[in-house]
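Please treat every number below as a calculation from the coordinates, not as lab data. Remember, predicted model here, so these are calculated numbers, not experimental data. As a convention, Cβ positions derive from the backbone with ideal geometry for all residues, glycine included, and neighbour counts pool all protein chains shown.
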Amino acid sequence: MSGGLKKKLDAGGTLIGTMLSELHTPNVIRMLAAGGFEFVIVDCEHGPFDYTAVAQLIAVGRGEGLAVLVRVPGVDREYILKYMDMGAAGIVVPMVSHPDTIAQAVRHAKYAPLGRRGVSTQRAHANYRVDDLPAYLQEANDATVVFAQIETAEGLENAGAIAATPGTDGLLLGPNDLLLELGAPGRFDDPRLAAAVALIAEAARKAGRCSGVITARQELIASGVQAGMRVLSWNSEAGMLLQAARDGSARLREATFRHGN
């Protein structure tokens, strides 16, 4: 199995990725890999992806060397176990406000002694072959990432305890829901957001974890990098498609106007 994403994080590297929110044709993974991304988060919290679609996306990601994370719809065992057995590089847990939530996710995502993930090795995650089970279980735990997404005021208050939860690999800021809860939806200039970036980065650093942000706003990513964040999820395939469509159609209209049509 490949643990390149975790190895780069452990070495202090920065990871560049994006969100997959709508498209489920497996070749979209190849496109994103060709575009230079190192990871993709399949959004199973808001997105329409069924298990078969996610399994296909993960399979192509493993072949392309593009790490596929899954933003889970909840921390129930069914969700997490299935995604991990498909071969996901790890999970993103949304709306984490308490350490107990991320601890439950770790229990289902990682094998003993870190968790209680069920063992079934004739699966895609093990390439259908395991010769040394104890060694494989350790390798899988070492490679699997579990990120807690902080997007509530309570999550901010508990960021230090969440980051310190055993088996947690990092904290990711979710700015949209956080601003909504703070009573400032869409106000990315709100000083409380800048404070949240600093708080999350510092809480993760103190716990020996990494931190990052999920956003389409490059200026927010820049402030995250300045604070020490290293997991940078920019935009989504839908956002990029819409942006390119708007830019292209605007250029066409401008050319048509110049020629008097």
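What percent does the relative contact order of region 4-258 come to when contacts are Cα pairs within less than 8 Å and at least six residues apart?
18 percent.
Based on DSSP H assignment, which helices of the chain show an axial Cα extent of at least 18 Å together with a mean Kyte-Doolittle hydropathy greater than or equal to -1.0?
On the way: long enough: 51-64 (20 Å, 0.56); 191-206 (23 Å, 0.68); 237-258 (32 Å, -0.42).
For the chain, where a helix must reach 18 Å along its axis and average at least -1.0, the hits are 51-64, 191-206, 237-258.
Can you tell me the equivalent ellipsoid semi-axes for region 69-218? Use √(5λ) from the Cα gyration tensor, largest first, whole Å.
Whole-Å semi-axes of the equivalent ellipsoid: 31, 14, 12.
What's the ranking of 66-78, 180-192 by average number of surrounding C-beta atoms within 10 Å, highest first?
Top of the packing list down: 66-78, 180-192.
Tell me which of L182, G155, I214 sits at the most positive position along the dipole axis of region 146-217, charges placed on C-beta atoms (Lys, Arg +1; Asp, Glu -1).
Of the options given, the answer is I214.
Over what distance in Å are the Cα centres of region 181-204 and region 89-151 separated?
29
Taking θ as phi - 60°, what are the ³J(HN,Hα) couplings along region 159-174 by the Karplus curve (6.51, -1.76, 1.60), each to the nearest whole Hz, with x for Gly and Pro?
Per residue, the Karplus-derived 3J(HN,Hα) values read 4, x, 5, 5, 4, 7, 5, x, x, 7, 9, x, 10, 10, 7, x Hz.
May I ask you to work out the translational diffusion coefficient for the chain at 37 °C, viscosity 0.692 mPa s, via Stokes-Einstein with Rh from the Kirkwood sum over Cα pairs, reported in whole µm²/s?
On the way: Rh = 18.9 Å.
Result for D is 174 µm²/s.
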